[in-house]
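K.L.:
Below is one structure. I have some questions about it.
Read-outs throughout are calculated quantities, based only on the coordinates presented, and are distinct from any laboratory measurement. Bear in mind that the values here come from a model prediction, so they are computed numbers and not experimental data. Quick reminder, even Gly has a Cβ in these numbers, built from the backbone with ideal geometry, and neighbours come from all protein chains shown.
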Amino acid sequence: MRPATPPKTRVEFRDRVDAFGDRLDARFGAFFGFPTTPGTFDVVHTVRPNERFTSASLIKLFVQYALYDRYDGRLDALTEPYGLAAENRVAGTGLFHLLDDPDPTLEDLAMAMIGISDNAATNELIDHLGREKINTVLNELGYADTRLGRKMMVTGGGTKDLPPGISENVTSPRDVASLVADTVHETTLSSVAYDRLRVPLRHQHDTSMVARYLPLGVDIEHKTGELTDAVLDAGTLRIEDCDPLVFAVFLDELDSPGEGTDVLASVGALVYDWLETHRESDGLAVG
């Protein structure tokens, strides 16, 4: 449920975030910070920031980055018809697996991968880019806790039933926060590439987690992820006269994902109320 009163200090904010994490018999991870310069944060609070968690659909943020990294400088190539292989039309979240003979562009696939978390689009992009080449890009950027181990829908929806020889997709709160912060400072791609990759982040359809209790029209760019035993949400929240806040909130080893989404929704409301109340008194104002 939505918190009744906002926290009065950063210390109270941290304590209340930790209390939400303690509500469930699950593993909780989080990162909240203002990206002050490329690669550095004014860190508000972290919980297990460098531990690996199952990434669920947050891994799609890294696939998206790898796509724009490859085509930066020749972005028009992303708008040419590309197609979708039959073996990649897996079910789960998304739309492309329901369409007869779709002929999307690479950018159509990227928009669907983030905006509606389309699994078929994701698998096509993984094949196009190459799993190991994606991992090489991530290693070069220093995302040591993140690895793309498999395509989407390889398991039955959880993290305990992987086929032999298949590894889980993993990341950490800090790695995701660092990737999100890169979209704030625009340090590794062109400004045009950032403009285009932000579009589906702004229109991400799942509002069940951090965005659930936020006001309509709030400036949030984010991506959610969910498995039968994990829920995650990460992105950037902006309010007027305040620096952008990068957040990454993870829960895995859950018995019920529904309970986890409730916790993430409460955390989102807590973050927004704290920013609104303390953007001036806590030194957050940029003006």
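K.L.:
What is the ratio of the Cα radius of gyration of the range 10-278 to 2.2 N^0.38 Å, with N the residue count, to two decimals?
P.N.:
Compared with the compact-globule rule of thumb, the range 10-278 sits at 0.95.
K.L.:
Enumerate by residue number the chymotrypsin sites (Phe, Trp or Tyr not before Pro) in the range 1-66 meeting two conditions: DSSP loop (anything except H, G, I, E, B), and at most 15 other Cβ atoms within 10 Å of the site's Cβ.
P.N.:
Passing sites in the range 1-66 do not exist.
K.L.:
Counting only pairs 8 or more residues apart or on different chains, how many lysine pairs in the chain have their Cα atoms under 19 Å apart?
P.N.:
Close lysine pairs under the 19 Å cut-off: 6.
K.L.:
What distance in nm separates the two pseudo spin-label positions at D22 and N50, each 7 Å out from Cα along the beta-carbon direction?
P.N.:
2.5
K.L.:
Also: If you place +1 on the Cβ of every Lys and Arg, -1 on the Cβ of every Asp and Glu, and leave all else neutral, what size is the dipole of the range 10-278 about its Cα centre, to the nearest 20 Debye?
P.N.:
It works out to roughly 440 debye.
K.L.:
Taking the chain as the reference, fit the longest principal axis to its C-alpha atoms, fit the long axis of helix 173-185 to the helix C-alpha atoms, and give the angle between the two in degrees, 0 to 90, nearest 10.
P.N.:
That works out to roughly 90 degrees.
K.L.:
Then there is this: Which angle from 0 to 90°, rounded to the nearest 10, does the C-alpha axis of helix 106-115 make with the longest principal axis of the chain?
P.N.:
Compared with the principal axis, the helix lies near 30 degrees.
K.L.:
I've got another one for you. Compute the longest continuous run of the chain that contains no exposed trypsin sites (Lys or Arg not before Pro); treat a site as exposed when its DSSP state is not H, G, I, E or B and it has at most 15 other Cβ atoms within 10 Å.
P.N.:
With a cap of 15 other Cβ atoms within 10 Å, the longest stretch comes to 161-287.
K.L.:
May I pose another question? Between V192 and D241, 0.36 nm times their residue separation minus their Cα-Cα distance comes to what?
P.N.:
Length difference between fully extended and current span is 15.1 nm.
K.L.:
For the chain, which longest stretch is free of loop sites, where a loop site is one of the GluC sites (Glu not before Pro) that DSSP puts outside H, G, I, E and B and that has at most 11 other Cβ atoms within 10 Å?
P.N.:
That gives 1-239 as the longest site-free run.
K.L.:
Give me the orientation-averaged projected area of the Cα convex hull of the range 178-244, in nm², one decimal.
P.N.:
Hull-based average projected area comes out at 5.4 nm².
K.L.:
Another one. Determine ³J(HN,Hα), in whole Hz, for all residues of the range 250-265 in sequence, where each value follows from phi through the Karplus function 6.51 cos²θ - 1.76 cosθ + 1.60 and θ = phi - 60°; x replaces Gly and Pro.
P.N.:
3J(HN,Hα) across the range 250-265, in whole Hz: 10, 9, 9, 6, 7, 7, 9, x, x, 5, x, 5, 5, 5, 5, 5.
K.L.:
OK, next. Using just the C-alpha positions of the range 46-91 as equal point scatterers, what log10 of I(q)/I(0) does the Debye formula give at each q in 0.29 1/Å?
P.N.:
Debye intensities relative to I(0), on a log10 scale: -1.11.
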